[in-house]
Ligand code: GUN
């Protein structure tokens, strides 16, 4: 039987550690805080940001939710970021993506003070990460490493295959795995004979954003499968492709009209040595690592 890597338990352990750090900082009169910027009305973003603000409250972190209208301009957003950079009560700045088309996202992310860049999206943090210097690392990739380490899955010397090369997940997770001494291969849409490479993986990280893209034929038995994808299935045809006959999923689908699947076909999980389920896997770590980065930023900014 494959081992299920329980994102909820690991996220809870990390949050507990962060809560203790928050208390220790408070004992020194330091109150750490996160500014969460949510532009317009994107339903998925609203859910994510609400969870982030709620996690701050649970852990004793101060949070400030700022909600500019969907018509906001790049100049107005740059002025907001400048204010947040200057505020001493804000240690972390989170600008929820995606932003409306009229806003220059890159210019905005570049304007965030790297010391407050708790998403790890600023090129200075990306560069520090690559160079092996202390850096705020992107939350989802950092969460992947926490899952592997806390589940005692060996990384050093293992062949880690990352499918997906995004700036937010694929590239940074590859760098973090390399720093843990894995042998890393990055695959993407132009990779020739992808299954031949994914089958070599001791650790396979799927971050492509396509439902069930990694099929059982692409996986070697007993591999560790890390599924970063969150894809919503809304049609009966899509549902049946992955979950036909699955009573629990049928119930969710009937109630909500949708269910989610990762980038790995659930049938591939049956072959694995260990895997992260969707939901209940990597996704839960993203928020835990955001909290961890916020406290880390609070300490680093004060030279602690
Ligand atoms: N949108 C989807 N995921 C993320 C994330 O991790 N951070 C931010 N800021 N926006 C996102």
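The values are calculated or read from the model by the stated rules, or taken from the named source; none is laboratory data. Given the structure is predicted, the values throughout are model-derived calculations rather than measurements. Methodologically, a virtual Cβ is constructed for each residue, glycine included, from the backbone with ideal geometry; neighbour enumeration extends over all protein chains shown.
Of all residues in the range 88-112, which are surrounded by fewer than 18 Cβ atoms within 10 Å (Cβ to Cβ) and away from the ligand (no atom under 12 Å from the Cβ)?
Result: 88, 89, 100, 101, 102, 104, 106, 107, 110.
Please determine whether any residue of the range 135-144 is farther than 20 Å from residue 283 by Cα and under 17 Å from the mean Cα position of the chain (by Cα). Let's see the steps before the verdict.
Taking the range 135-144 as the starting set, the residues that turn out to be farther than 20 Å from residue 283 by Cα are 135.
Filter again for under 17 Å from the mean Cα position of the chain (by Cα), leaving 135.
Yes, that holds for at least one residue.
What is the residue count in the range 43-72 for residues that are more than 16 Å from the ligand (Cβ to nearest atom) and under 19 Å from residue 113 (Cβ atoms)?
Qualifying residue count for the region: 2.
For the list (1) in a helix (DSSP H, G or I); (2) more than 16 Å from the ligand (Cβ to nearest atom); (3) within 28 Å of residue 203 (Cα to Cα); (4) in contact (Cβ under 8 Å) with a residue 60 or more places away in the chain, I need the number of the one condition that residue 285 fails.
Tallying (1) in a helix (DSSP H, G or I); (2) more than 16 Å from the ligand (Cβ to nearest atom); (3) within 28 Å of residue 203 (Cα to Cα); (4) in contact (Cβ under 8 Å) with a residue 60 or more places away in the chain, residue 285 fails exactly one: (2).
Looking at the range 152-170, which of its residues are in contact with a strand residue (DSSP E or B) (Cβ under 9 Å, 6 or more places away or on another chain) and within 13 Å of the ligand (Cβ to nearest atom)?
Result: 169, single match.
Name every residue in the range 88-111 that is under 28 Å from residue 26 (Cβ atoms) and either touching a helix residue (DSSP H, G or I) at 6+ places or on another chain (Cβ under 6 Å) or not in a loop (DSSP other than H, G, I, E, B) (or both), in order of residue number.
90, 91, 92, 93, 94, 95, 96 - these are the residues of the range 88-111 that are under 28 Å from residue 26 (Cβ atoms) and either touching a helix residue (DSSP H, G or I) at 6+ places or on another chain (Cβ under 6 Å) or not in a loop (DSSP other than H, G, I, E, B) (or both).
Looking at 157, 212, 132, 170 in this structure, which one is buried (at least 20 other Cβ atoms within 10 Å of the Cβ) and at positive phi?
Working: 157 fails: buried (at least 20 other Cβ atoms within 10 Å of the Cβ); 132 fails: buried (at least 20 other Cβ atoms within 10 Å of the Cβ); 170 fails: at positive phi.
From the options 157, 212, 132, 170, the qualifying one is 212.
Can you find a residue that is at pLDDT 95 or above and either in contact with a strand residue (DSSP E or B) (Cβ under 9 Å, 6 or more places away or on another chain) or within 16 Å of the ligand (Cβ to nearest atom) (or both) anywhere in the range 8-18?
Yes, the conditions are met somewhere in the range 8-18.
Which residue is farthest from the chain's Cα centre (by Cα), if the candidates are limited to the range 224-239 and must be in a loop (DSSP other than H, G, I, E, B), touching a residue at least 24 places away in the same chain (Cβ under 8 Å) and surrounded by fewer than 20 Cβ atoms within 10 Å (Cβ to Cβ)? Break it down into steps so the answer makes sense when it comes.
Our first condition is that a residue be in a loop (DSSP other than H, G, I, E, B); within the range 224-239, this holds for 228-230, 234-235.
Then keep just the ones that are touching a residue at least 24 places away in the same chain (Cβ under 8 Å); that gives 228-230, 234.
Filter again for surrounded by fewer than 20 Cβ atoms within 10 Å (Cβ to Cβ), leaving 230, 234.
Values: 230: 11, 234: 23 Å.
Step by step, filter the range 224-239, then rank; the result is 234.
So for the range 73-87 (the condition being assigned to a loop (DSSP other than H, G, I, E, B) and within 15 Å of the ligand (Cβ to nearest atom)), does at least one residue qualify?
No, the range 73-87 contains no residue that is assigned to a loop (DSSP other than H, G, I, E, B) and within 15 Å of the ligand (Cβ to nearest atom).
Can you find a residue that is modelled with pLDDT of 95 or more and within 16 Å of the ligand (Cβ to nearest atom) anywhere in the range 244-260?
yes
On the basis of being within 12 Å of the ligand (Cβ to nearest atom) and on the phi < 0 side of the Ramachandran plot, does residue 118 make the cut?
yes
Does the range 138-151 contain at least one residue that is outside any helix (DSSP H, G or I) and within 16 Å of the ligand (Cβ to nearest atom)?
Checked against the condition, which is being outside any helix (DSSP H, G or I) and within 16 Å of the ligand (Cβ to nearest atom), the range 138-151 yields at least one hit.
Could you check, for the range 270-280, whether at least one of its residues is in contact (Cβ under 8 Å) with a residue 24 or more places away in the chain, buried (at least 24 other Cβ atoms within 10 Å of the Cβ) and either at positive phi or in a strand (DSSP E or B) (or both)?
Within the range 270-280 (the criterion being in contact (Cβ under 8 Å) with a residue 24 or more places away in the chain, buried (at least 24 other Cβ atoms within 10 Å of the Cβ) and either at positive phi or in a strand (DSSP E or B) (or both)), the answer is yes, since at least one residue qualifies.
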